[in-house]
Amino acid sequence: MFYTIRRLIILLLLALLAYAGWWAYQERARVLTLLDAGWILYHEAQGLNEPPRPRTLLSGQVTKVIDGNWFSVRPTNGLVYVFKQAAAEAPAAKSPLNPRGDPLGLESATNLSRLILSNEVVIDVLHCDERRYGQGYVYLNGTNVGVPLVEAGLAKVSRAHIKPLPFREQFALLSAERKARVNKAGMWQHTED
């Protein structure tokens, strides 16, 4: 008697688990967005004891876009700095130094040029060396420049570098990447998701 009841309960739980898996697959865009939010909250909870990172902001006009990641900026002091955006990682463009570059690299550089070239940007500097080469989060009118690039499928989120960002920006970047994957935009057009 108990053996039969136990078997029925196990079969019912397995059927419920199979249904939950089928539902999660059908609603994967929503489920993956929730998983991204959970990932962010987990990592925020891990860093509760860490002191906040000191912020150095640099604002200036973008004078040149080198590729989808790198650009030159001239702040008010007149020096030229070369920065790599930290939140998003664009594919490398084909060049004489990189003959095996990604075809999307040029499109990514063009899109970044359209967004920031000759505009005033604010850079939240992660690091900068004595040669004025650095890495940081790039903002145009208060919006992280990586979000439109990631949403167009021309860059992917650099998960190693988004941890210091506020929750809202992390979520915006991860949601943009998820949207690009679902819409098979740019670099995600030939992938299975």
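The values are calculated or read from the model by the stated rules, or taken from the named source; none is laboratory data. Everything numeric here is computed off the predicted structure, so don't read it as measured data. We place every Cβ from the backbone using ideal geometry, glycine too, and count neighbours over all the protein chains shown. All accessible areas refer to the heavy atoms of the entire protein, side chains included, with ligands and DNA or RNA removed. Shrake-Rupley method; radii C 1.70, N 1.55, O 1.52, S 1.80 Å.
Of all the residues in segment 139-180, those that are under 18 Å from GLY68 (Cβ atoms) and either in a helix (DSSP H, G or I) or in contact (Cβ under 8 Å) with a residue 60 or more places away in the chain (or both) number 18. Among the candidates VAL147, VAL182, VAL157, the residue that is at pLDDT 85 or above, open to solvent by 20 Å² or more (accessible area, probe 1.4 Å) and over 23 Å from GLY60 (Cα atoms) is uniquely VAL182. Being open to solvent by 90 Å² or more (accessible area, probe 1.4 Å) and within 22 Å of the chain's Cα centre (by Cα) is a property that holds for TYR42.
A single entry from GLY134, GLY142 fulfils the requirement of being farther than 11 Å from LEU173 by Cβ and touching a Cys at 6+ places or on another chain (Cβ under 8 Å): GLY134.
Of all residues in segment 121-144, exactly one satisfies the criterion of being open to solvent by less than 20 Å² (accessible area, probe 1.4 Å) and charged (D, E, K, R), namely ASP124. Within segment 72-120, if we keep just the residues that are aliphatic (A, V, I, L, M) and open to solvent by 80 Å² or more (accessible area, probe 1.4 Å), the residue that is farthest from SER175 (Cα to Cα) turns out to be LEU97. Taking the conditions exactly as written (among the β-branched types (Val, Ile, Thr), within 17 Å of the chain's Cα centre (by Cα) and closer than 29 Å to VAL182 by Cα), does VAL31 satisfy them or not? Judged against the criteria, VAL31 is not a match. Within the bounds of segment 102-111, is there any residue that is assigned to a strand (DSSP E or B) and in contact (Cβ under 8 Å) with a residue 24 or more places away in the chain? No: segment 102-111 contains no residue that is assigned to a strand (DSSP E or B) and in contact (Cβ under 8 Å) with a residue 24 or more places away in the chain.
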